[in-house]
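Student: One structure, pasted below without further comment.
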Amino acid sequence: MLGLKLPTDPRWVDIAEKNIKDILVDHAFCEQKAASTAISFIVTYPEHTALVQEMTALATEEMSHFKMVHDKIIERGWVLGQDRKDDYVLKLRSFFPKGGSRITQLVHRLLVAALIEARSCERFRLLSEELKDKELALFYKKLMISEANHYTLFLTFARDFGGREFADEKWEALLRYEAQVMAHLGKEESIHG
């Protein structure tokens with residue numbers, strides 16, 4: 001369903017299990033950044049009413065997820081800590097060239113957002129199936145469903161704005177690139193690393 005070309009290395013789950021505090025902190029910041037991304041779409045493309053409406057709802061949902069993850073951190077007696085750069089996201093954002101029409105830029109941004117959500121969905125599925133902490137496993141199962149919905153939302157908008165053929169061609173190229181990126185990741189205690 002997600003179309004990912006390279007599944008997560010199964011060893012990542014062991015790393016996550018042993019470093020759950022780092023995973024939760026990184027996850028909280030991922031949710032905050034997802035909310036910021038939704039707001040950025042609103043600010044940059046205010047002329048697209050349907051997009052603005054969906055991104056408004058998404059920003060609210062992502063911030064509610066941030067709070068849920070932050071609450072899990074607090075429940076365990078930890079603090080949020082500092083954000084770290086996300087090499088995965090930085091590499092994905094560098095894939096598409098700068099410039100081009102406004103619509104092409106929008107489609108590129110939507111595709112990158114869709115792929116980030118798809119990879120997060122896959123990672124949350126692994127956590128939901130493999131974590132020994134059953135409360136956290138259930139927590140990640142619920143969030144996995146949301147991530148899948150976000151993935152399809154962004155991909156649908158990319159196809160609506162760019163046309164299916166154009167968007168799908170770009171999507172396939174991005175998926176192939178992401179597989180190359182993922183071949184070098186999966187060894188860190190972060191959601192995408």
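Student: Residue by residue through the stretch 8-54, note down the ones that are in contact with a Leu (Cβ under 9 Å, 6 or more places away or on another chain) and outside any helix (DSSP H, G or I).
Tutor: Correct list: THR8, ASP9, PRO10, TYR45, HIS48.
Student: Out of (1) part of a helix (DSSP H, G or I); (2) in contact (Cβ under 8 Å) with a residue 24 or more places away in the chain; (3) not hydroxyl-bearing (Ser, Thr, Tyr), what's the single condition that is false for GLU165?
Tutor: Going through (1) part of a helix (DSSP H, G or I); (2) in contact (Cβ under 8 Å) with a residue 24 or more places away in the chain; (3) not hydroxyl-bearing (Ser, Thr, Tyr) one by one, GLU165 breaks only (2).
Student: Residue check: is ASP133 farther than 18 Å from ALA16 by Cα and either over 16 Å from the mean Cα position of the chain (by Cα) or of a type in the set (Phe, Trp, Tyr) (or both)?
Tutor: Here the answer is no, as ASP133 does not meet what is asked.
For every residue, the table says whether it meets (1) under 22 Å from ALA35 (Cα atoms); (2) part of a helix (DSSP H, G or I); (3) in contact with a His (Cβ under 7 Å, 6 or more places away or on another chain); (4) at pLDDT 95 or above.
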residue	(1), (2), (3), (4)
GLU147	yes, yes, no, no
LEU153	yes, yes, no, yes
PHE157	yes, yes, no, yes
LEU175	no, yes, no, yes
GLY186	no, no, no, no
GLY193	yes, no, no, no
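Student: Turning to a different aspect of this structure: On the given criteria, is LEU155 in contact (Cβ under 8 Å) with a residue 60 or more places away in the chain, buried (at least 18 other Cβ atoms within 10 Å of the Cβ) and touching a helix residue (DSSP H, G or I) at 6+ places or on another chain (Cβ under 8 Å)?
Tutor: The answer is no for LEU155.
Student: For the stretch 79-98, indicate whether the set of residues that are touching a His at 6+ places or on another chain (Cβ under 7 Å), in a loop (DSSP other than H, G, I, E, B), modelled with pLDDT under 95 and closer than 25 Å to THR156 by Cβ is non-empty.
Tutor: yes
Student: Could you grab the pairs with beta carbons closer than 8 Å, sequence gap of 6+ or different chains, first residue in the stretch 110-130 and touching a residue at least 12 places away in the same chain (Cβ under 8 Å), second one acidic (Asp, Glu)?
Tutor: Between residues of the stretch 110-130 that are touching a residue at least 12 places away in the same chain (Cβ under 8 Å) and residues that are acidic (Asp, Glu), the close pairs are LEU115/GLU178; GLU117/GLU147; ALA118/GLU147; ARG119/GLU178; SER120/GLU147; CYS121/GLU147; PHE124/GLU147; GLU130/GLU17.
Student: Scan the stretch 58-96 residue by residue and report those that are among the basic types (Lys, Arg), free of Cβ contacts under 8 Å to residues at least 40 places away in the same chain and in contact with a helix residue (DSSP H, G or I) (Cβ under 8 Å, 6 or more places away or on another chain).
Tutor: Within the stretch 58-96, ARG93 is the sole residue that qualifies.
The values are calculated or read from the model by the stated rules, or taken from the named source; none is laboratory data. All values reported here derive from a predicted model rather than from experimental measurement. Don't worry about glycine lacking a Cβ; one is built from the backbone with ideal geometry, like all the others, and counts go over all protein chains shown.
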